[in-house]
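Engineer: Let me begin by handing over the structure; questions about it come next.
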Amino acid sequence: MSAKAQAVVSLYAQSSFEFVPLNADVHRFLDPFIAQKGEKEAIRKASPITYVSKAAPPFLEILGDHDEYIPLPEATNLQTALHAVGVRCDIIVIPGASMAPADGTSCPTYRTGSAR
């Protein structure tokens, strides 16, 4: 058994902190790191797109088309970067869904196929 991730599922996550406004939640997460490394380096190191490599596992990104904070190009940026190094990355866009809170309360039900 390997400890290496076999797949990544990203729910409402951004590919980079560089091109979006740093809101209060992001500041709570990044401020200690910014104090150590400086804003530019902290943002680079905290951004998933920084770590794209051909050794990455396949990705599935799930996000809503009404997300006010993470626009759809954030998902496609990561997908493009992963595809460029030969890693599979699929995206599911949930119509009418906005940013999901940690408890998932605003995440709509999304099903494919039928229950067995």
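The numbers here are math on the coordinates, done by the rules we state, and not lab data. Everything quoted here is computed from the prediction, not taken from an experiment. Neighbour counts are summed over all protein chains in view; Cβ atoms, including those assigned to glycine, are modelled from backbone coordinates with ideal geometry.
Engineer: Counting Lys +1, Arg +1, Asp -1, Glu -1, what net charge surrounds R44 among other residues with beta carbon under 14 Å of its beta carbon? Could you put the intermediate results ahead of the total?
Structural biologist: Numbers: positive: K37, K40, K45; negative: E18, E39, E41.
Cβ neighbours under 14 Å give a net charge of 0.
Engineer: Using the 10 angstrom Cβ neighbour count as an exposure proxy, how do L72, L63 rank, fewest first?
Structural biologist: Numbers: L72 14, L63 24.
Going from sparsest to densest Cβ surroundings: L72, L63.
Engineer: Which lysines have a Cα less than 26 Å from the Cα of K4, not counting those fewer than 8 places away in the same chain?
Structural biologist: Those lysines meeting the cut-off are K45, K54.
Engineer: Starting from the Cα coordinates of the stretch 8-94, work out the convex hull volume and express it per residue in Å³. The partial results should precede the final answer.
Structural biologist: Details: hull volume 7.9 nm³, N = 87.
Each residue corresponds to 91 Å³ of Cα convex hull volume.
Engineer: If you take the charge dipole of the stretch 30-86 about its Cα centre, with +1 on Lys and Arg Cβ and -1 on Asp and Glu Cβ, which of T80, L63, Q36 is farthest toward its positive end?
Structural biologist: Sorting the options by dipole projection puts first Q36.
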